Amino acid sequence: MSEILLKIDGKEVKAREGMTVLEAAQRAGISIPTLCHHEKLEPYGACRLCIVEIDMRGWKKLVVSCLYPVAQDLVVTTKSEKINRIRKMIVELLLAHAPDAFDLQDLAREYGADRDRFEKESSFCIHCGLCVRYCAEVKKKHAVGFVNRGANREISFIPEVASKECWNCKECFPLCPTEALQAAYVLTEALMSHTRQ
Amino acid sequence: MDKERIDQIIDKHHSDPSSLIQILLDIQAEHHWLPKEALEQISERLQVPMTRVQHIATFYKAFSLVPKGRHQIHICMGTACHVRGASRVLDTVEGLTGIKPGETDLDLKFSLETVNCLGCCALGPVLEIDGKTHGKMAPVQTADVLKNYD
């Protein structure tokens, strides 16, 4: 494995080929905020919160660090006024969906995001895909998935699978940044017990 | 739609997981909608998780998970049709069939849908039934057109 040298926030960082900028930063002790990232799962790039600015031979570009592969002599900026402004906007948009999520409120405090900037559309799910991916990639049960599309996209349990697998697992519950997942499961449970009667 | 016919369609595509959308389309074309049992059968035969089948079946507008009528009515609501009175055509069709866009009547005769442009603006207002285009529709003519379908 060839070693790659790159610069993150002015610090020389060594990385292996195939690593993402986020992994390299985390190894060097530089923190980048994330919501949809999980070390056991494939990178997904849903929340966009880990956005950073890269500079490659004078070309500047905004990328999500959880998907962007490291490259030799890459210069990465993880904190700047511009990046903070973008993250603030992302948090404000996510807050319109899940205004009372603790994770989002912490981020809102950090980036000075206004909880009431956008009209509330409380779906409580921010489509991070953690539950869907965890169930598919780690547990290989495929009990929960996305349905519909665009603004109407939401998570949905497959009742037949959920009634067999979920009660003894529930490992996805603590992953959810907004607790929408638990609500969806409780609803499925309720519907299942209703049809059983 | 019986299980054997669905099996036939799946066999035609060699039970290939990458043919999932094509299989769904074939069933949709024959049966006009995708019953849950059909999705479960596909999921089992193709070894594709039910979450994925559901994800795809709900993603594309071409698929319906609720029963559809024998005849699909599409009324164009595009700009050209709109200014030529598409909303009045829609009102008349709603009155004649007793259903609103997105609905299907009780005896599964008609399903009504609005679309945003059918690509033949010179014919506006356009009404399309089962792929057949009826152009220059006046509200009074729609009754005659709908009479031809049972």
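The values are calculated or read from the model by the stated rules, or taken from the named source; none is laboratory data. It should be emphasised that the depicted structure is a prediction, and the values quoted were computed from it without experimental measurement. Every residue, glycine as well, gets a Cβ built from its backbone with ideal geometry; the counts of neighbours run over all protein chains shown. When the accessible area is computed, the model is the full protein with side chains, heavy atoms only, and any ligands, DNA or RNA have been set aside. Shrake-Rupley method; radii C 1.70, N 1.55, O 1.52, S 1.80 Å.
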Which value, in Å² and to the nearest 10, is the accessible area of residue A:38 when all protein chains are kept and the probe is 1.4 Å?
-> 40
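Could you sort A:5, A:191 by accessible area so the largest value comes first, with the probe set to 1.4 Å? It would help to have the intermediate numbers written out before the result.
Details: A:5 75, A:191 105 Å².
So the residues, ranked largest to smallest area, are A:191, A:5.
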DSSP loop trypsin sites (Lys or Arg not before Pro) in segment A:46-92 with at most 16 other Cβ atoms within 10 Å of their Cβ, which ones?
-> A:57, A:79
Alpha-carbon Rg with Dmax, taken over segment B:71-147, Å | 11.1, 34
Does segment A:67-170 come out rounded, prolate or oblate by the C-alpha gyration tensor, with a ≥ b ≥ c the root eigenvalues, rounded set by a/c under 1.5 and, if not, prolate when a/b is larger than b/c and oblate if not?
-> oblate
Of the options A:47, A:68, A:80, report the single residue whose Cα projects farthest towards the positive end of the charge dipole of segment A:17-85 (beta-carbon charges: Lys, Arg +1; Asp, Glu -1).
-> A:80
Specify, per residue and in Å³, the volume enclosed by the convex hull of the alpha carbon atoms belonging to segment A:26-123.
-> 115
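Roughly speaking, what is the stretch gain from residue A:80 to residue A:106, that is 0.36 nm per residue apart minus the C-alpha to C-alpha distance, in nm to one decimal?
Numbers: separation 26, 0.36 × 26 = 9.36 nm, distance 1.90 nm.
Difference between extended and current length: 7.5 nm.
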Would you calculate a helix-derived [θ] at 222 nm for chain A, using -39,500 (n - 2.57) for each DSSP H run of n ≥ 4 and dividing by the full residue count, to the nearest 500?
-> -9500 deg cm²/dmol
Using θ = phi - 60° and Karplus 6.51 cos²θ - 1.76 cosθ + 1.60, couplings along segment A:149-163 (whole Hz; Gly, Pro as x) | 8, x, 5, 9, 5, 8, 8, 8, 7, 7, x, 5, 6, 4, 5
Mind telling me which of B:137, B:50, B:77 comes out most flexible in a GNM of chain B, alpha-carbon contacts under 10 Å?
-> B:50
Kindly report the accessible area of segment A:1-157 per residue (heavy atoms of protein chains, probe 1.4 Å, no ligands, DNA or RNA), in Å².
-> 55
Interchain or long-range residues, amide H under 5 Å from residue B:115's placed H | B:75, B:76, B:77
Contact order relative to length for segment A:75-158, counting C-alpha pairs under 8 Å separated by 6 or more residues, stands in percent at 21
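How large is the helix-only mean residue ellipticity at 222 nm for chain B, computed as the sum of -39500 (n - 2.57) over DSSP H runs with n ≥ 4, divided by its residue count, in deg cm²/dmol to the nearest 500?
Numbers: 7 runs with 69 residues, N = 150.
After summing the helix terms and dividing by the residues of chain B, the value is -13500 deg cm²/dmol.
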By the gyration tensor of its Cα atoms, with a ≥ b ≥ c the square roots of the eigenvalues, what is the shape of chain B: rounded for a/c under 1.5, prolate for a/b over b/c, or oblate?
-> prolate
Roughly what % antiparallel, to the nearest 5, for the DSSP beta bridges in the protein assembly as shown?
-> 75
Per the Kirkwood definition applied to all pairs of different Cα atoms, how many angstroms is the hydrodynamic radius of segment A:3-79?
-> 12.2
Select from A:147, A:75, A:21 the residue whose mean-square fluctuation is largest in a Gaussian network model of chain A (Cα-Cα springs shorter than 10 Å).
-> A:147
Can you pull the mean other chain C-beta count within 10 Å for peptide B:55-62?
-> 3
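Roughly to the nearest percent, how much of the accessible area of segment B:71-147 is carbon and sulfur, given a 1.4 Å probe? Provide the component values of the computation, followed by the final result.
On the way: 2190 of 3940 Å².
C and S atoms contribute 56 percent here.
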Can you tell me the dipole magnitude for chain B around its Cα centre, using point charges on the Cβ only (Lys, Arg +1; Asp, Glu -1), in Debye to the nearest 20?
-> 520
Which residue, chosen from B:23, A:186, B:135, occupies the Cα position most advanced towards the positive end of the dipole of the protein assembly as shown, where the dipole is computed from +1 (Lys, Arg) and -1 (Asp, Glu) charges on Cβ about the Cα centre?
-> B:135
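From largest to smallest, what semi-axes in whole angstrom does the protein assembly as shown give when each is the square root of 5 times an eigenvalue of its alpha carbon gyration tensor? Could the numbers behind the result be given before it?
On the way: eigenvalues 422, 146, 89 Å².
Sorted largest first and rounded, they come to 46, 27, 21 Å.
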Within segment B:28-99, trypsin sites (Lys or Arg not before Pro) in DSSP loop having at most 15 other beta-carbon neighbours inside 10 Å | B:61, B:70
Could you pull the accessible area for residue A:116 with a 1.4 Å probe, rounded to 10 Å²?
-> 100
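Tell me which chymotrypsin sites (Phe, Trp or Tyr not before Pro) from segment B:50-87 have a DSSP coil assignment and no more than 16 other beta carbons within 10 Å of their own.
Values: sites: B:59, B:60, B:63; in loops: B:60, B:63.
Here the chymotrypsin sites (Phe, Trp or Tyr not before Pro) that fit, given the DSSP loop and packing criteria, are B:60.
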Could you pull the Cα extents of chain A along its three principal axes, largest to smallest, in whole Å?
-> 66, 43, 27
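Classify segment B:3-59 as rounded, prolate or oblate from the Cα gyration tensor: take a ≥ b ≥ c as the square roots of its eigenvalues, call it rounded if a/c is under 1.5, otherwise prolate when a/b beats b/c and oblate if not.
Rounded, because the longest to shortest axis ratio a/c is under 1.5.
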